[in-house]
Structures are given as structure tokens and as C-alpha cells.
Amino acid sequence: MNRIDHIRHEEKKYHDLCYQQYKLFETGSWLYKPVKTVMDLMGYFEGQNNLQVLDLGSGVGRNSIPIAQKIQNTSGTVTCVDLLDSALTKLQTYSKEHDVFEVIKTEQAAIENYYIQPDTYNYIVAISSLEHVQSEEDLKNVLHSMKKGTKTGGINCLIINSNIQEIDLHTKEELDALIEINLPTEHMIYLLKSIYKEWQEIKIEIKELAYNIVRNDRHIQLKTNAITFVVQK
């Protein structure tokens, strides 16, 4: 198994378990509520009809379901893309429970292989998902596709992890971080700013985060500089 396959195998195990153990919008995990920035930005689209939203790496709908609830009476659509079929199956179930099944469209694909229709979306969201494409080259290609896929006046909202470290809490040993792309924070910011240079910057923020996860019965601390990057076309 090559490196990418190994990482994706481990990620699938971790996410499948998480989606089994925790229910969407219940306390106890990161599925508890949507990302505040993602929801706050919906204010930019107040009063608009037929909003087209793209959620890249949607998971079980932590952000896409609340977005769908906001636009369900204005004939908008949220297109949700995820690599994991387990996530999309749960997303469809949750979308029925939350009465937004008609508003949500699901597509199973790796983000780097997903074709984004040009000039189609008002709002593209990618939360902790772009660091999971296969290479830095793929990342650049996806960002360019996102730019092309955004309508004039539209917004791209990214949260992307950088400088990721994994530490075994028992032995204190630093492990090889199981993530496809792990760039230094400055490098990632430079890459984002240079690709989106002609767009208006709405918010750029770096947060140091640390949380504990269990992988293959090992207790691991994951440290990251999470970059919030919001721009308008």
C-alpha cells in the first residue's frame, strides 16, 4: 500500500468510527455544531434566491445541513462532495431528519478528481478537507477550479490545517503525521494569497489547535495551525 492509500485507509477507519459513535449536532465531538465563520458568511447572501453552494469534503453535513436550512425556501442547492460513501449515506439520512433532503445533492469523489462547473457557485466551502488532496500540485489545481467555479461576488471559505504534528501521548514520541499535505503555515498562507491575489480578502486567521484522538488503540495528540481563509471574487 503506498503512502496516500495508507493515509486514506486510516482516515476512513477514523471517520467511519466517529460517524458511528457520534450523532450530528449532539455534544461530544466536532460534529456538535457548524463552523461559526461558515454560517456567519451566509449573511452576505441575505435576500438572494437560487443560491448555489458547494461543500468540498462535506462529511455527514455538519455545515451543509445548516446552510441548506437557511436556503431551503429560496430554491437554492447545496452540492456535497466527499470521498467516503459512509459519510454521504449518513448525510442523506440526516438531511431527511432535518427536512432538507430536497436541497442537498451528494457526489462521491476525491476532491482532486471532482470537476467543478465553471461560474456556477455563489459560495464554496472547504473545511479541513483540502489538506487531504494527494499533492501540493493537486491543491493548486483544486484552488484554481474553485476560483473558476465561483460566480462574481461569490465567496470561498477555507479552513486548512498546516504544520500538523502528531505526538504519542504515552511515549511522547513524534509520529509521522497521517495527512496527505502537511505544509509549513507560512508556505500555505503564501500559496493561498498568491492564487487568490486578485480577490478581496474578507478574513485570514491562524489558530493553534491541539486535540486528542485515538488511532489503532494509540492515544495521540494532534497539533495544528488551522488557517481560516475567506475571500470574495
Area projected by the alpha carbon convex hull of the range 1-66, averaged over all directions, nm²: 6.0
Calculated from backbone phi, Karplus (6.51, -1.76, 1.60) coupling profile of the range 49-60 in Hz, x at Gly/Pro: 9, 6, 5, 10, 10, 10, 10, 8, x, 6, x, 8
HN-Hα J in Hz across the range 179-196 - Karplus 6.51, -1.76, 1.60, θ = phi - 60°, x for Gly and Pro: 8, 5, 10, 10, 9, x, 4, 4, 4, 5, 4, 4, 4, 4, 5, 6, 5, 9
Gyration tensor over alpha-carbon atoms, the range 27-134, equivalent ellipsoid semi-axes in Å: 19, 17, 14
Along principal axes, Cα extents of the range 87-136, largest first, whole Å: 38, 25, 16
Cα-based shape type of the range 56-107, given that a ≥ b ≥ c are square roots of the gyration tensor eigenvalues and the cut on a/c is 1.5: prolate
Stokes-Einstein D for the range 159-233, Kirkwood Rh over Cα pairs, 37 °C, 0.692 mPa s (µm²/s): 241
Diffusion coefficient, µm² s⁻¹, Stokes-Einstein with Kirkwood Rh over alpha-carbon pairs of the chain at 37 °C and 0.692 mPa s: 181
Span from the the range 22-89 Cα centroid across to the the range 103-156 one, whole angstrom: 15
Tail beyond 17 Å, pair distance distribution of the range 114-221 (Cα, percent): 59
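Which of Cys80, Cys157, Cys18 has the fewest other C-beta atoms within 10 Å, and how do the rest follow up to the most? Each step should come with its number before you reach the end.
On the way: Cys80 29, Cys157 23, Cys18 16.
Ranked by crowding around the Cβ, least crowded first: Cys18, Cys157, Cys80.
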Positive-end extreme of charge dipole, the chain - chosen from Ile206, Asn2, Asn49 (charges on Cβ): Asn49
Fluctuation leader among Tyr114, Tyr19, Tyr211 - the chain, Gaussian network, Cα springs under 10 angstrom: Tyr211
Given charges at Cβ of Lys, Arg, Asp, Glu: the range 15-127 dipole, positive-most of Tyr114, Thr77, Val100: Val100
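When the dipole is taken about the Cα centre of the chain, and only Lys, Arg (+1) and Asp, Glu (-1) are charged at their Cβ, what size is it in debye, to the nearest 20?
Details: 25 positive and 32 negative charges, 113 e Å.
Roughly 540 debye for the chain.
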Rg/Rg_globular for the range 35-81, with Rg_globular taken as 2.2 N^0.38 Å and Rg from C-alpha atoms: 1.05
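Values quoted throughout were computed directly from the atomic coordinates according to the rules given, and no laboratory measurement underlies them. Predicted model only: the values in this text are computed from it and were never measured. Virtual Cβ from ideal backbone geometry, glycine too; neighbours counted across all protein chains shown.
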